[in-house]
Amino acid sequence: MSRNAAFSPPPDARAYRLRTARGEFAVVDSPVAEGVAPRGVVMMLPGFTGSKEDFTLLHRPLGARGYRTVAVDGRGQYESAGPEHDEAAYARPELARDVLAQVAALGTRVHLLGHSLGGQIARAAVLLDHAPFLSLTLVSSGPARISESQRQRVKLLRDALDTMTMEQVWTVMQTMEPPEEAGAPAPAHGPAEPARLRERWLGTRPAQLLATGRQLCTEPDRVAELADVPLPYHVLSGTYDDTWPVPLLDDMAVRLDARRTVVAGAEHSPNTDQPLPTARALADFWDDHPAPPRPSAP
């Protein structure tokens, strides 16, 4: 599987700009497979330095299970607009309100999924208003700030962004180990893939990276608050994770009374490392928490 394939949505998916009360957001919207009974709608939020393409390999297997999937570039991520230098626009409450606006624009309750940073943004949205959501799945997304080793890498990235252009930082990143999330959608072979990753990097706003990088390094533990919200939770990860150690994710799942899935052969990005078992675990969870039937017309 090449990165180029991982960046390309399924043939039946639509890439468009979702109009909301808080602006337009680039999405990939993939339908339920033909002949399959619809079971629900899923909205997916990517992580730090990521994009909606990080979920590309999940669309088809989830569509085959009856789920329409909508992957979103958040404000200032890749193909969604955002200020270049105004970090205030990327404050965590602002990003959470964007999520609520995106769900409102879809016009239906959704199963919400967030990967890493996306999980913490999803958590903030649920804490603002849980009514639009049927469930919350946290993929490789921990209870508080990231590990010390990852904080050091994010600090290096932020220091570079303070003094260099995005193009210059991209060149430097090719010679050093970036933050764990700063990789790519899937194992790759061939000359075309680096160009796609460079395009995504250059499309992301510096202020978004600076603000969300700082959030990852300072996020407080909000698990107790989340546990008080009456939603079903799912904590999914790989067998190894340097951003939030797996035992920390195990403990968070206990505190949330959440379903816990560990995907064999995956690390920080089960959605790209092992997409088929990840999709299966996700759909199994959502199958157990369907949307309530609509009331019959009088």
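Structural remarks
- Among residues of the range 124-177, those that are surrounded by 13 or more Cβ atoms within 10 Å (Cβ to Cβ), charged (D, E, K, R) and under 19 Å from His85 (Cβ atoms), counted: 1
- Only one of the numbered conditions (1) out of contact with any Lys or Arg (no Cβ under 6 Å at 6 or more places or on another chain); (2) farther than 13 Å from Gln120 by Cα; (3) buried (at least 17 other Cβ atoms within 10 Å of the Cβ); (4) not hydroxyl-bearing (Ser, Thr, Tyr) is not met by His234, and that is (1).
Results for (1) in a helix (DSSP H, G or I); (2) under 30 Å from Asp159 (Cα atoms), shown as yes or no for each residue.
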position: Glu225; (1), (2): yes, no
position: Asp250; (1), (2): yes, no
position: Val262; (1), (2): no, no
position: His268; (1), (2): no, yes
position: Arg280; (1), (2): yes, no
position: Phe285; (1), (2): yes, no
position: His289; (1), (2): no, no
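- Among the criteria (1) at pLDDT 95 or above; (2) under 30 Å from Asp251 (Cβ atoms), the one Thr108 does not fulfil is (2).
- Matching option when the condition is modelled with pLDDT of 95 or more and either over 28 Å from Lys155 (Cα atoms) or not basic (Lys, Arg) (or both), among Met44, Met1: Met44
- Any hit, the range 109-116, residues being assigned to a loop (DSSP other than H, G, I, E, B), on the phi > 0 side of the Ramachandran plot and either surrounded by 19 or more Cβ atoms within 10 Å (Cβ to Cβ) or among the charged types (D, E, K, R) (or both): yes
- Within the range 245-290, being touching a Lys or Arg at 6+ places or on another chain (Cβ under 9 Å), under 16 Å from Gly66 (Cα atoms) and surrounded by 15 or more Cβ atoms within 10 Å (Cβ to Cβ) holds for Ala279, Arg280, Ala281, Leu282, Ala283, Phe285, Trp286.
- Among the residues making up the range 5-45, those that are assigned to a strand (DSSP E or B) and of a type in the set (A, V, I, L, M, F, W, C) are Ala15, Leu18, Phe25, Ala26, Val27, Val28, Val41, Val42, Met43, Met44, Leu45.
- So Thr239, is it modelled with pLDDT of 95 or more, among the β-branched types (Val, Ile, Thr) and closer than 30 Å to Thr165 by Cα: no
- Residue match in the range 74-81 (condition: in a loop (DSSP other than H, G, I, E, B), surrounded by fewer than 24 Cβ atoms within 10 Å (Cβ to Cβ), on the phi < 0 side of the Ramachandran plot and of a type in the set (Gly, Ala, Ser)): yes
The values are calculated or read from the model by the stated rules, or taken from the named source; none is laboratory data. Here the structure is a predicted model, which is why all the values come from computation and not from measurement. Every residue, glycine among them, receives a Cβ derived from its backbone with ideal geometry; neighbour counts consider all protein chains shown.
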